[in-house]
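One structure below.
Each value in this text was obtained by applying a stated rule to the coordinates, not by laboratory testing. What you see is a predicted model, and the numbers here were worked out from it, not measured in a lab. Neighbour counts run over all protein chains shown; Cβ positions are idealised from the backbone, glycine included.
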Amino acid sequence: MIEIKVQEGPFAGIEAGTLIVLGFDGEAPPVVDSVLDGWAGELYASGEFTGKAAESAILHRPSGMKAKRLALAGAGKRDRFDATGMRKAVATAVRTLKGKSLRDLHFWLEHPEFAQAAVEGAILGDFEPDQMKTDPKKGDKRLQSFTVCVAEGSAGSLPDEAISRGRILAESQNFARELKNEPANRLTPLVLAERARQMAAEVGLDCEILDEDRMRQLGMGSLLGVAQGSDNPPALIILRYTPEYASGDDHLALVGKGVTFDTGGYSIKPADGMEKMKYDMGGGAAVLGAMRALAQLKPAVRITALIPTVENMVSGRAQRPGDIVTTLNGKTVEVLNTDAEGRLILIDAITYAIRLGCTHLVDAATLTGAIVVALGYQHVGAFTNNEEFLGRVMTAGKAAGESMWHMPLDEEYKEYLKSAYADLPNIGGRWGGAITAAKFLEEFVEGKPWVHLDIAGTAWLEEGKPYMAKGPSGVPVRTFVNLAMNWGG
Ligand code: BES
Ligand code: ZN
Ligand code: ZN
């Protein structure tokens, strides 16, 4: 765990192994040049460092300074700099420097309004998806401490709250990332449920796990149909957060797809890339990460998290194409494709959320390959039956730096979902697959304000970025947290 500290001082007096300073595009940082007699200006003029994002330069034993190393980190254009820019710039610097085994970093903070983002950047940038590697030296490339440094006399104006909020958020996002990265032979549905229970106990959330028998009694035929092919039993994880003071009667449901492995079932997936389907519980992991943060940040709205978790396998007991299941809300669904399993488990969880009295629903799911075709790896696909509510979710996403794209959900798409033998099929036709998946979910939200986030393209980074390791991203933990924290105002 990284130690986060705050230190005051004149710039030149900061005692540090490595002191990071941001340099904007085309603007040598004045604080550096005032001490180092124009060094940064010359560096910019030479073109070796220009302040673009992801650039870095290190000066050893900067004269007149107590720091042993001065690291310039590119921050991009000043007029476009925001919390996201700060988070990325710090994360990039951390990734560059820890790669050189520099594990105690100081950061000169000139934008206290983005202190939270700076702390997030340090903790998120430090994450590596190497929890299963046994190399005893892997810790050598992990941060030990990150010290936020501010001008003398200004530490008082730096809210401790911003620093601790940054830590809580980033650690919770990393918690989600670790879960996503965990292979399916270890993280079965019941293990995921156990992790949720442990986390809930640590942060003081109420936790209830519905087991297979209970779900059968309730009539969750749709969820159980997906689960029946696996030897690993399913669960419905329910976490409850009740605020001391609620700003109204709203009750938010966060629902996350928790497929610990998706083979596709009898509509089996191709071998190539199937290993990635260990992160098919990415929506559920993000909901758990968000709840971990929210339990500590204490928003003024009641929240229930529901994570239906199953393994989608093939066996003599597995669901067949053509099977018809009866969902918790009584509708029948013809399972035309066993690989469209996410929606089958989500609908029973959504119906249950409504029975628990939830007034607003947001779900996150690695739901369709089609959203990756539509939006690539860039944006979360966002669908809704309520534009006003979507606006709030998108605002939360923008502030979080988790970008979302509003996808259509017109009535006409309902025509794509026709079954000759049941109320609904679980797939539409060939086209608009992300939309028909969303339309299918909408049939179960009973008119409640609802937003569906398809994160199939954004839950996992196929390639690392300067500011983030390859692998699990943790999207949309920060969006969920912002949404709840800004509830009602
Ligand atoms: N888990 C997959 C979707 C997915 C694809 C997640 C790529 C992450 C990356 C989902 O269960 C699925 O298989 N969907 C099918 C639906 C189809 C059968 C209608 C798909 O997208 O191909
Ligand atoms: Zn599938
Ligand atoms: Zn799936």
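Stokes-Einstein D for the range 214-372 at 37 °C, 0.692 mPa s, Kirkwood Rh over Cα pairs, in µm²/s?
Approximately 204 µm²/s, per Stokes-Einstein.
List the lysines whose Cα lies under 16 Å from the Cα of LYS269, skipping any in the same chain that are fewer than 8 positions away.
Counting by Cα, and skipping residues close in sequence, LYS269 has these lysines nearby: LYS278.
Of the peptides 254-260, 432-438, how do they stack up when ordered by the mean number of other Cβ atoms within 10 Å, highest first?
Highest-to-lowest ranking by the protection proxy: 254-260, 432-438.
Given Cβ point charges of +1 (Lys, Arg) and -1 (Asp, Glu) and nothing else, what value in debye, to the nearest 20, does the dipole of the chain about its Cα centre take?
880
Straight-line reach only, C-alpha to C-alpha below 21 angstrom: list the lysines that LYS439 could link to, leaving out same-chain residues fewer than 8 apart.
Output for LYS439: LYS257, LYS331, LYS414, LYS418, LYS448.
Among LEU72, PHE24, TYR44, flag the residue with its Cα farthest along the positive direction of the charge dipole of the range 1-122, charges on Cβ as +1 for Lys/Arg and -1 for Asp/Glu.
Farthest along the dipole direction, towards plus: LEU72.
What fraction, in whole percent, of alpha-carbon pairs in the range 1-151 exceed 28 Å separation?
Looking at the range 1-151, the distances longer than 28 Å represent 14 percent of pairs.
Sort 416-423, 15-22 by the packing proxy (mean of other Cβ within 10 Å over each peptide's residues), most packed first.
Highest mean packing first, the order is 15-22, 416-423.
Which residues' amide hydrogens lie under 5 Å from the amide hydrogen of ALA253, considering only partners 5 or more residues apart or on another chain, with H built in the peptide plane?
Correct list: THR304, THR359, HIS360, LEU361, VAL362.
Residue by residue through the range 219-224, which ³J(HN,Hα) values in whole Hz follow from phi under the Karplus form 6.51 cos²θ - 1.76 cosθ + 1.60 (θ = phi - 60°), with glycine and proline marked x?
Each residue's phi maps through the Karplus curve to give x, 8, x, 6, 5, 5 Hz.
Between THR395 and LYS68, what is the label-point separation in nm under the 7 Å Cα-to-beta-carbon projection?
4.8
Taking a quarter of the surface of the Cα convex hull of the chain, what do you get in nm²?
Its average projected convex-hull area is 23.6 nm².
Taking N as the number of residues in the range 345-489, what is its alpha-carbon radius of gyration divided by 2.2 N^0.38 Å?
1.06
Fully extended, how many nm does the chain gain between LYS414 and LYS137 (0.36 nm per residue separation, minus their Cα-Cα distance)?
Contour length minus the Cα-Cα distance gives 94.2 nm.
Nothing charged except the Cβ atoms of Lys and Arg (+1) and of Asp and Glu (-1): what's the magnitude of the dipole of the range 400-489 about its Cα centre? Round to the nearest 20 debye.
The calculation lands at about 320 debye.
Residue separation times 0.36 nm, minus the C-alpha to C-alpha distance between ASP211 and HIS111: what's the value?
Extra length available between ASP211 and HIS111 comes to 31.1 nm.
Where Lys and Arg each count +1 and Asp and Glu each count -1, what net charge lies around PRO10 among other residues with Cβ under 10 Å from its Cβ?
So the environment of PRO10 carries a net charge of -1.
Can you list which of the DSSP-assigned H helices in the chain have a Cα extent of 15 Å or more along the long axis and an average Kyte-Doolittle score of at least -1.0?
83-98, 115-126, 160-181, 189-203, 282-297, 342-355, 387-400
What nm distance separates the two modelled labels at GLU387 and ALA201, each placed 7 Å from Cα along Cα→Cβ?
Roughly 4.9 nm, to one decimal.
Two-decimal Rg/Rh of the range 299-380 from alpha-carbon positions, Kirkwood Rh?
A ratio of 1.02.
Would you mind telling me the antiparallel percentage of the DSSP bridges in the chain, rounded to 5?
40
State the Cα centre-to-centre distance between the range 105-153 and the range 318-347 in whole Å.
Taking the Cα centre of the range 318-347 as reference, the centre of the range 105-153 is 45 Å away.
Percent of alpha carbon pairs in the range 174-234 separated by more than 14 Å?
The calculated P(r) of the range 174-234 puts 64 percent of pairs beyond 14 Å.
How far apart, in nm, are the 7 Å Cα→Cβ label points at GLU463 and ARG61?
Rounded to a tenth, the inter-label distance reads 4.0 nm.
If you place +1 on the Cβ of every Lys and Arg, -1 on the Cβ of every Asp and Glu, and leave all else neutral, what size is the dipole of the range 1-137 about its Cα centre, to the nearest 20 Debye?
That gives a dipole near 400 debye.
Given a Förster radius of 22 Å and the C-beta distance between ARG80 and GLU8 as r, what FRET efficiency does 1/(1 + (r/R0)^6) yield to the nearest 0.05?
Given R0 = 22 Å and the Cβ-Cβ separation, E is 0.15.
At a Förster radius of 45 Å, what calculated FRET efficiency corresponds to the Cβ-Cβ distance of HIS406 and ILE324, to the nearest 0.05?
About 0.85, to the nearest 0.05.
Rounded to the nearest 0.05, what FRET efficiency is calculated for ALA271 and LYS331 with R0 set to 45 Å and r the Cβ-Cβ distance?
0.85
In whole Å, how far is the Cα centre of the range 394-436 from that of the range 165-217?
Here the answer is 27 Å between Cα centres.
Using 0.36 nm per residue of separation minus the Cα-Cα distance, give me the extension gain between ARG430 and LYS100 in nm, one decimal.
113.9 nm
For the range 1-121: lysine pairs with Cα atoms under 15 Å, gap of 8 or more or different chains, count?
4
What percent do you get for the relative contact order of the range 1-124 when only Cα pairs under 8 Å and 6+ apart count?
30
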